[in-house]
Amino acid sequence: MRGARMFRLAAGAALMLSVALPAAADSLADTMVAAYRHSALIEKNRAVLRAADEDVANAVAQLRPILQWALEYSVEHTEGRDTVRSGSLSLGAEMVLYDWGRSQIAIDAAKEQVLATREALVGVEQDILLAAASSYFGILQAQEQVALQLNSVEVLERVRQAAQDRFDVGELTRTDVSLADAQLAATRATLATAEGDLQIARENYLAVTGRRAGSLDRPPPLPQRPASVDAARAVAQKTHPLILQAQRQAAVSELGVAAAAAERRPSLTANAGLGIGRSPDGGGQYDNRIGASASLELAQPLYTGGRLSSAYRKSMALRDDARSSLLNASRQISLEVGEVWANIDVARAQIGAIDTRIVAAQQAYDGVREEALLGARTTLDVLDAEQSLLEARAEKIVAQSNLQLAHYQLLAAMGLLTVEHLKLGIPTYDPSQYYNAVRDAPYTSTQGESLDRVLRAIGRGN
């Protein structure tokens, strides 16, 4: 009994302690992890990648024999004669022995397309993590704006009350009180807007992460950026998924030209068949016949009405398009890196200038308020000084948020805003797992069962 009582006391104490402890605040890393796991867009593009993996399997299967059976039964009735019934069962095999490289080109093109699709998946991952960072900083900025406006309302309420008190003793006019009322009403309206912006930021956070925002930690230290914008551009040209995807697409288009040229080459095909038939012999009896056949066929197109020539010209046009897309992607990423780099410099300069402005505005506000108590300044002067200080503090909040987000935008522009590079500590999707399971076009039951296990593991992985 005593042991049971001690257990209940210990359990009750643990429960009280768990209730008393506040829930842990979410960090930026927590937000990114939640967004990565919640995103349906990532799941969609993983499915696209698996479909591209199957294209490799399909291309490999073209080099394998085709085996099929056919069962035929026919009834023939002619007026004045007996009804004739016949049937046959056949088994046939067909295999391309040599096609002068066409099938291998198709396999290589499918593999390049898989690599391009993998880079597209990395690009989606970057977009998701950047959206998570944006929603995180958006809430922090909105919370600071609400706190700032709340404080301003409290200050203006005191100013308004002081104006009313001085009006009651005849030191100020009704105009001074009205000015204070107007400024207080305007600040309350701004507070309502800030609260609305915070609610919108919370809804955006919910959409990105799949859960409502609780308390958020302060932002982590800013990521270190390269020594120069040229160094950042050099990294981006090597690692950004948009550029790497465009490079793979260009390789696919080159193989497309080779494939179009290979369509003019001959192909050597082997055919084999085995059949069993039953048909009347003309004397009212039925004969059972067993037959076998084998053949080799070498064929090459001589004239196609211009179809092959048109296909070849089209492949060259698509190659030129892919090359232009690669060049455009390279220039686009270079521009994006430069713009984000400039945004960081601008935000830093703004924060420095705003800090100076806040110090001056605070000194001006304190001085004007003291002078107003001595009758040397009007209520309007005090309100103007307070508004100037409020605007400076609000601008600093925006500039700090812009600076923080710009650093993560720079990582994205460099192709480094990934779970692996950020070391978020969660298992990520392995694109090679499914590819390795299907690249050889599994066809036996054992391989099929292994593939099923892979699919189940992929479904549980994230």
Original post:
List, please: which pairs have Cβ atoms under 6 Å, are six or more places apart or on different chains, and start with a residue in segment 333-344 that is more than 12 Å from His407 (Cα to Cα) and end with one that is buried (at least 19 other Cβ atoms within 10 Å of the Cβ) and small (Gly, Ala, Ser)?
Top reply: Ile333/Ala236; Glu336/Ala413
Original post:
Do we have any residue at all in segment 255-272 that's part of a helix (DSSP H, G or I), buried (at least 18 other Cβ atoms within 10 Å of the Cβ) and without any contact (Cβ under 8 Å) to a residue 60 or more places away in the chain?
Top reply: yes
**OP:** List every residue pair whose Cβ atoms sit under 8 Å apart, with the two residues 6 or more apart in sequence or on different chains, where the first one lies in segment 149-176 and is aromatic (Phe, Trp, Tyr) and the second, anywhere, is assigned to a helix (DSSP H, G or I) and modelled with pLDDT of 85 or more.
**Re:** Phe167/Arg174; Phe167/Val177
**OP:** Output the number of residues of segment 202-249 satisfying the condition of being more than 11 Å from Ile333 (Cβ to Cβ), among the small types (Gly, Ala, Ser) and either touching a helix residue (DSSP H, G or I) at 6+ places or on another chain (Cβ under 7 Å) or not in a helix (DSSP H, G or I) (or both).
**Re:** 6
**OP:** From Arg233, Arg211, grab the single residue that is buried (at least 16 other Cβ atoms within 10 Å of the Cβ) and either among the charged types (D, E, K, R) or touching a Cys at 6+ places or on another chain (Cβ under 7 Å) (or both).
**Re:** Arg233
Original post:
Which residue out of Gln199, Gln126 is in a helix (DSSP H, G or I), under 30 Å from Ala236 (Cβ atoms), modelled with pLDDT of 95 or more and not β-branched (Val, Ile, Thr)?
Top reply: Gln126
**OP:** State the number of residues belonging to segment 45-97 that are free of Cβ contacts under 8 Å to residues at least 60 places away in the same chain and under 22 Å from Glu112 (Cβ atoms).
**Re:** 6
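The rows are residues; the columns are (1) surrounded by fewer than 17 Cβ atoms within 10 Å (Cβ to Cβ); (2) at pLDDT 85 or above; (3) part of a helix (DSSP H, G or I).
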{"residue": "Val368", "(1), (2), (3)": "no, yes, yes"}
{"residue": "Val382", "(1), (2), (3)": "no, no, yes"}
{"residue": "Leu390", "(1), (2), (3)": "no, yes, yes"}
{"residue": "Leu403", "(1), (2), (3)": "no, yes, yes"}
{"residue": "Ala412", "(1), (2), (3)": "no, yes, yes"}
{"residue": "Leu416", "(1), (2), (3)": "no, yes, no"}
{"residue": "Gly425", "(1), (2), (3)": "yes, yes, no"}
{"residue": "Tyr443", "(1), (2), (3)": "yes, no, no"}
{"residue": "Glu449", "(1), (2), (3)": "yes, no, yes"}
**OP:** List every residue pair whose Cβ atoms sit under 7 Å apart, with the two residues 6 or more apart in sequence or on different chains, where the first one lies in segment 401-428 and is at positive phi and the second, anywhere, is in a loop (DSSP other than H, G, I, E, B).
**Re:** Gly415/His240
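The values are calculated or read from the model by the stated rules, or taken from the named source; none is laboratory data. Every value quoted in this text rests on a predicted model; they were computed, and no experiment measured them. All Cβ positions, even for glycine, are placed from backbone atoms using ideal geometry, and neighbour counts span all protein chains on display.
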